[in-house]
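Structure record follows, encoded as structure tokens.
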Amino acid sequence: MPEIQKLEGEDLKAVTELREAHDKIIEQLHRIVVGQEEVIEELLIAIFARGHALLVGVPGLAKTLLIRTLADTMSLKFSRIQFTPDLMPSDITGTEVLQEDRTTGRREFKFLPGPIFANIILADEINRTPPKTQAALLEAMQEHQVTAGGKRHQLDQPFFVLATQNPIEQEGTYPLPEAQQDRFMFNIHVDYPTDDEELLIMKMTTATYKGEVQRVLDGQKIMRLQELVRKVPISEHVIRYAMQFARLTRLNNPQAPEFVKKYLAWGAGPRASQYLILGAKARAVLNGRYYVSGEDIRAVVHPVLRHRIIPNFAAEAEGINSDVVIDKLIELIPRAESDVLADSRLPNVAG
């Protein structure tokens, strides 16, 4: 069992630096994007936890604008890929072309990098392209590399895939396989703006206003702060508390609650537990804290589990979605983390 790390010296100063950068980034984003505080917060958590995110929302909610503006504030190379039914894997990863050296007359293959060779990749409407092309992202997302012509090409760091998906159109779309959805740390729900926010949007976008953002971070600082997130200490009882959210969704668990057995076709795997911990660590540091609490776990449960638990036909018939099941889990699992170990309703995960 690895020992719990402690933040000391420069790391403590870095927590303050990250908190200040967090506030500045949000300030800069709101010069362009109105509202969407929860979406912005979850995006920043995913980025500093070194994860990818899937943004799901109807058209016109500024998903693309938000991601592009975020890349500008972080001084990162941005690349937008518009996914269409005729897009090929090589259109994303790059291709090898035969070139001739004019001085020697010798011909050789040269790799031309595709748009995936950037820091922030906007995979726009990712469900518009066939599974073969969707799968071209898998190696890049997991291994941060692309294989072409038998050669491996490392991607620039830091590297994030931020994909968008329209939930209302089904015709001409290819739903993401569960295995690929699992590669995304967060599934972020982008909702409609409030009355006041929509009024401000109308004023800003129908006049001559042009917002400009300043750069807050760069790639090297982001990678250093990502390392800091993983050093944040977390007690064992909070880890066990996070584990319950994944373990209680599994139908083969004899102690799974009745609503899970009734409404779920499939539960979450271990990657859910990992991302709950990393997301909670990132949230704690972004809020200027040196430790992880149960509140940090609860704050990231929805985006982590939303796409990892699959409702069955009974749930769909009753209008029950994954968010409703997650709400029930939050109510079931004791909020006092120290009570988790002694609660008879929960499975023993010791050892």
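Just a few scattered comments:
- Members of region 38-85 that are buried (at least 20 other Cβ atoms within 10 Å of the Cβ) and among the small types (Gly, Ala, Ser): 46, 49, 51, 53, 57, 62, 71
Residues are listed down the side, and each one gets a yes or a no for (1) at pLDDT below 90; (2) of a type in the set (Phe, Trp, Tyr); (3) outside the structural domain of residue 324 (by TED's automatic domain parsing):
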{"site": "271", "(1), (2), (3)": "no, no, no"}
{"site": "275", "(1), (2), (3)": "no, yes, no"}
{"site": "290", "(1), (2), (3)": "yes, yes, no"}
{"site": "298", "(1), (2), (3)": "no, no, no"}
{"site": "301", "(1), (2), (3)": "no, no, no"}
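- Filtered by the rule that a residue be more than 28 Å from residue 75 (Cβ to Cβ) and surrounded by fewer than 20 Cβ atoms within 10 Å (Cβ to Cβ), region 129-143 gives 130, 131, 132, 135.
- Of the strands (runs of 3 or more DSSP E) lying entirely inside region 1-116, those containing at least 3 residues that are under 30 Å from residue 199 (Cα atoms) span 53-56, 78-82.
- Test: residue in region 301-322 that is among the β-branched types (Val, Ile, Thr), within 30 Å of residue 23 (Cβ to Cβ) and touching a residue at least 24 places away in the same chain (Cβ under 8 Å): yes
- Counting the residues of region 245-291 that are among the polar types (S, T, N, Q) and over 21 Å from the mean Cα position of the chain (by Cα) gives 3.
- Those residues of region 258-272 which are of a type outside the set (Phe, Trp, Tyr) and buried (at least 18 other Cβ atoms within 10 Å of the Cβ), in sequence order: 260, 264, 267, 268, 272
- For residue 146, the conditions (1) surrounded by 19 or more Cβ atoms within 10 Å (Cβ to Cβ); (2) part of a helix (DSSP H, G or I) all hold with the exception of (2).
- Any hit, region 250-259, residues being under 30 Å from residue 15 (Cβ atoms), in a loop (DSSP other than H, G, I, E, B) and either modelled with pLDDT of 90 or more or of a type in the set (Lys, Arg) (or both): no
- Residues within region 286-312 that are out of contact with any strand residue (DSSP E or B) (no Cβ under 8 Å at 6 or more places or on another chain) and hydrophobic (A, V, I, L, M, F, W, C), tallied: 6
- Matching residues in region 149-170 - criterion: being under 22 Å from the mean Cα position of the chain (by Cα), part of a loop (DSSP other than H, G, I, E, B) and exposed (fewer than 13 other Cβ atoms within 10 Å of the Cβ): 167, 168
- Within this structure, residue 52 passes the test of being closer than 21 Å to residue 281 by Cβ and in contact with a strand residue (DSSP E or B) (Cβ under 7 Å, 6 or more places away or on another chain).
- Annotation note: Cβ proximity below 8 Å between a residue of region 68-91 that is in the same structural domain as residue 148 (by TED's automatic domain parsing) and a residue that is aromatic (Phe, Trp, Tyr) and outside any helix (DSSP H, G or I) (sequence gap 6+ or interchain) occurs for 68/78; 71/78; 72/78; 79/117.
The values are calculated or read from the model by the stated rules, or taken from the named source; none is laboratory data. Owing to the predicted nature of the structure, the values given are computational and were not obtained by experimental measurement. We place every Cβ from the backbone using ideal geometry, glycine too, and count neighbours over all the protein chains shown.
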